[in-house]
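For reference, the structure discussed in these notes is given below.
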Amino acid sequence: MKTGKSRSRLPKGSTFLIYLGIVLVLLAFALPLLFVVNTALKTQGDFFVDPAGVTQTLQWSNIVDAWNTVDFGRYLINSVVYTLVCATVGTFASLLMAFPVARNFMRGSGAWNAVFVLGLFLPVALVTQFQMLLRLGLYDTQIGYMLLLSASVGIGPLLIVGYLRTFPLELDEAAAIDGVGYFRYLFTFVAPLSTPVLVTAFILQALTVWNEIILATVVFSDENKYPASLGLKAFQGQYASQWPLLASATIIVAIPIIVIYASLQRYFVAGALSGAFKG
């Protein structure tokens, strides 16, 4: 007698199409990465002779040259500081916005959710931001740049709202009976229990800050304050670009964020799924 539920199986043709789709998606992501790695291992002459050909010489020195040519370490330090500060402040702000909406402490919680969604599609007001920094005396300052990026919370509030709505209301009532204040409850009870979704919000904003280039181009005139993403243009000349060094620098920029994502992947997946499907 069968005690378990019978598993539904997909037709063989559907299974084949699913695997084919997965392979095509992997190729779509892998081929550009392989092209960058292949370019980074070429000499400048080999690249101009055959840009798409497989390299015959492994020029590992390109990575060292890319690091030393323009003091690339300074740009990386700037990016690390911008990313850690902005992602931390943005995640903190997302939690402060999401908690009262998730718990219906504010009227029109549905309207606030609509505001969060609308904020994802509104264009960036670069001219307004530029004028605001000028009037506040924060143009070409790292503080002004980080303030603007910290305010770009993205999808973080929506994910946190969905996650917090899975918490039982009895938890709030028990804390109220024990005399726990609003902020103490938020940061000593809610925040630790929301670690997966908070890490997810942190990673998503960290990716945005790390890869940001347009705002940095508008805000900074001092090259010493450039993030690593904007520092890549140092390898682009007026008449020719150092493509192997540029590809090597691109790999250097990508490695830190890959390491962060790999180390926090389990939190990212748990937070993203919970915030998306349990709201």
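Scanning region 150-168 for residues that are surrounded by 18 or more Cβ atoms within 10 Å (Cβ to Cβ), in a helix (DSSP H, G or I) and not polar (S, T, N, Q) gives Gly156, Pro157, Leu158, Leu159, Ile160, Val161, Gly162, Tyr163, Leu164. The residues on offer are Val101, Val54, Val70, and the sole one that is among the hydrophobic types (A, V, I, L, M, F, W, C), more than 16 Å from Ala228 (Cβ to Cβ) and surrounded by 12 or more Cβ atoms within 10 Å (Cβ to Cβ) is Val101. Taking region 130-145 as the range and being in contact with a Gly (Cβ under 9 Å, 6 or more places away or on another chain) and touching a residue at least 40 places away in the same chain (Cβ under 8 Å) as the test, the residues that pass are Leu133, Gly144. Hey, among the residues in region 169-212 that are among the small types (Gly, Ala, Ser) and farther than 30 Å from Thr250 by Cβ, which one's surrounded by the most Cβ atoms within 10 Å (Cβ to Cβ)? Among those that are among the small types (Gly, Ala, Ser) and farther than 30 Å from Thr250 by Cβ, it is Ser194. When residues in region 174-183 are screened for being free of Cβ contacts under 8 Å to residues at least 12 places away in the same chain and either part of a helix (DSSP H, G or I) or within 19 Å of the chain's Cα centre (by Cα) (or both), 5 of them pass. In region 108-131, the qualifying residues are those that are more than 16 Å from Leu158 (Cβ to Cβ) and surrounded by 14 or more Cβ atoms within 10 Å (Cβ to Cβ), and the one that is farthest from the chain's Cα centre (by Cα) is Phe130. Per the listing Met106, Met146, the residue uniquely in contact with a Phe, Trp or Tyr (Cβ under 8 Å, 6 or more places away or on another chain) and modelled with pLDDT under 85 is Met106. Across region 189-216, what is the number of residues that are over 19 Å from the mean Cα position of the chain (by Cα) and either over 21 Å from Arg266 (Cα atoms) or free of Cβ contacts under 8 Å to residues at least 40 places away in the same chain (or both)? Count: 3. Suppose the filter is closer than 29 Å to Thr55 by Cβ and either in contact with an Asp or Glu (Cβ under 7 Å, 6 or more places away or on another chain) or loosely packed, with under 14 Cβ neighbours inside 10 Å (or both); does Ala262 pass it? When the stated conditions are applied, Ala262 passes them. Name the residues in region 53-80 that are outside any helix (DSSP H, G or I) and either within 14 Å of Val253 (Cβ to Cβ) or of a type outside the set (A, V, I, L, M) (or both), would you? Residues satisfying the conditions are Gly53, Thr55, Gln56, Thr57, Gln59, Trp60, Val70, Asp71. Exactly one residue out of Leu134, Leu171, Leu186, Leu147 is under 24 Å from the mean Cα position of the chain (by Cα) and assigned to a helix (DSSP H, G or I), and it is Leu147.
The values are calculated or read from the model by the stated rules, or taken from the named source; none is laboratory data. The structure presented is a predicted model; accordingly, all values stated were derived computationally and were not measured. Glycine also receives a Cβ, built like all others from the backbone with ideal geometry; neighbour counts cover every protein chain displayed.
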